[in-house]
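Here is the structure we will look at.
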Amino acid sequence: MTTKLIRLVFLLGLLWGMGCSQRSDTPCVCEATPVVDTALMAFLSKAKAAHHQADLLEQSGQVDAAIEVLDKVTSFTQMSDRAEVREVLADTLARLSDLRGQRGQWEESEADIRKGLELAPSGSYFEGHLYEMRGVNEERRAKAQAEQGDAEGAQTARRRAIEAFERAIQIQDSVIRRELSDEGADR
Amino acid sequence: MTVYDDKGWEELTPPTPQEVEQAQALREALEAGEDHPDADLLRSLRFLENPPPLEPRVNEWLVHRALHKMAPSHRGRWVASGVAAALALAAGVVVVLSTGPDPTTAPVVRASLVSCRSTQSLFHEPFDRHGGTSSRMDRIARDRARDYRTNLFLRGGVQP
């Protein structure tokens, strides 16, 4: 009974509150988009620290430790409604894919790329960079398979590398064209 | 705008011996790190301009605390539901009783806060094939730190 009453009060309040969206001359809290706040800054700080830590580990040859540090960033699944979070995660996944590619972890590096492409905005440098990294890893894979005597596998990987690089170039071209037209419009 | 804006330094009243003496005492206190009624304020201002590096453990703790707030506990959710119900009811009453928009109300401040958005506009050329991710992170964090400060001021009712 009490629970039903609470629900009823909540529903009434909610409906009343939603009524404010009909006022066109007042900005409404229910239309709110996420704003730059402490949680976002904390995430950015964490990502920044992790990448600098990964730099130092990479420089000292500890690639596995660098992967482990960056994995802690990409395992974060909250705040996906914030563009900054999605783009930082996409960029971090591109770097992770590169590191895993260096270790010959082909499947894992491709999984990072796929995850990153789901997060990166379409037609952005972030998306283009992910395709480029896919190309780099397929190129590495082709070389490794050729050395192992797997000519067919190497040929397939080479074809995928070419396709990925081609896609990266198309995306980067479209971003550059858009940038230049924006600059022209600003003048 | 002060009354001195249209005057040259040479036209200002010269400092009194007492003012010179006080300034000298403040300077000595700052240099020697001693106590002085105004020295603490000036040291605080210096930290504002050039803050000392944050201890990694303190930084980790702050990040953990901020992110922890994102995931309320089970009990917290019940409390939040109750508070949300009360707030929704109160919001409804206010909206029904109000006769028109008031520019000083919170929604206006909320609407003017800097929103989350793509960071693409911070970069004007394709990313390097290898490396450069850390500097991109630095750039994004630096840019959003400015927005964060702006929002802090706006929430405090100050136009930055």
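The values are calculated or read from the model by the stated rules, or taken from the named source; none is laboratory data. These numbers come from a predicted model, not from an experiment. No Cβ is skipped: glycine too gets one built from the backbone with ideal geometry, and neighbour counts run over all protein chains shown.
So in segment B:40-78, with the set limited to residues that are among the hydrophobic types (A, V, I, L, M, F, W, C) and at pLDDT below 70, which one is nearest to residue A:34 (Cα to Cα)?
Within segment B:40-78, the match that is nearest to residue A:34 (Cα to Cα) is B:70.
Restricting attention to segment A:123-130, does a residue exist that is of a type in the set (S, T, N, Q) and assigned to a helix (DSSP H, G or I)? So that I can check it myself, show each step before the final result.
Narrowing segment A:123-130 to residues of a type in the set (S, T, N, Q): A:124.
Restricting the remaining residues to those that are assigned to a helix (DSSP H, G or I) gives none.
Looking through segment A:123-130, none of the residues is of a type in the set (S, T, N, Q) and assigned to a helix (DSSP H, G or I).
Cβ contacts < 7 Å: first residue more than 18 Å from residue A:88 (Cα to Cα) and surrounded by 15 or more Cβ atoms within 10 Å (Cβ to Cβ), restricted to segment B:142-154; second residue among the β-branched types (Val, Ile, Thr) and at pLDDT below 90, any location; separation 6+ or different chain. Result?
Qualifying pairs under 7 Å: B:154/B:109.
Test residue A:89 against the stated conditions and say whether it is within 10 Å of another protein chain (Cβ to nearest Cβ), out of contact with any Pro (no Cβ under 7 Å at 6 or more places or on another chain) and either modelled with pLDDT of 95 or more or not in a loop (DSSP other than H, G, I, E, B) (or both).
Numbers: within 10 Å of another protein chain (Cβ to nearest Cβ): no; out of contact with any Pro (no Cβ under 7 Å at 6 or more places or on another chain): yes; either modelled with pLDDT of 95 or more or not in a loop (DSSP other than H, G, I, E, B) (or both): yes.
In short, no.
Residue A:107 fails exactly one of the following numbered conditions: (1) free of Cβ contacts under 8 Å to residues at least 12 places away in the same chain; (2) of a type in the set (D, E, K, R); (3) closer than 22 Å to residue A:178 by Cβ. What is the number of that condition?
All conditions pass for residue A:107, except number (3).
Which residue is surrounded by the most Cβ atoms within 10 Å (Cβ to Cβ), if the candidates are limited to segment A:154-176 and must be under 15 Å from residue A:122 (Cα atoms) and among the polar types (S, T, N, Q)?
Only one residue fits best here, namely A:172.
Go through segment B:111-134 and report how many residues are assigned to a loop (DSSP other than H, G, I, E, B), more than 7 Å from every other protein chain (Cβ to nearest Cβ) and surrounded by 13 or more Cβ atoms within 10 Å (Cβ to Cβ).
The total comes to 1.
Go through A:35, A:88 for me and flag whichever is over 15 Å from residue B:139 (Cβ atoms) and among the β-branched types (Val, Ile, Thr).
Details: A:88 fails: over 15 Å from residue B:139 (Cβ atoms).
Only one candidate passes the filter, namely A:35.
In the list A:80, A:109, which residue meets the criterion of being buried (at least 19 other Cβ atoms within 10 Å of the Cβ) and in contact with a Lys or Arg (Cβ under 7 Å, 6 or more places away or on another chain)?
On inspection, the qualifying residue turns out to be A:109.
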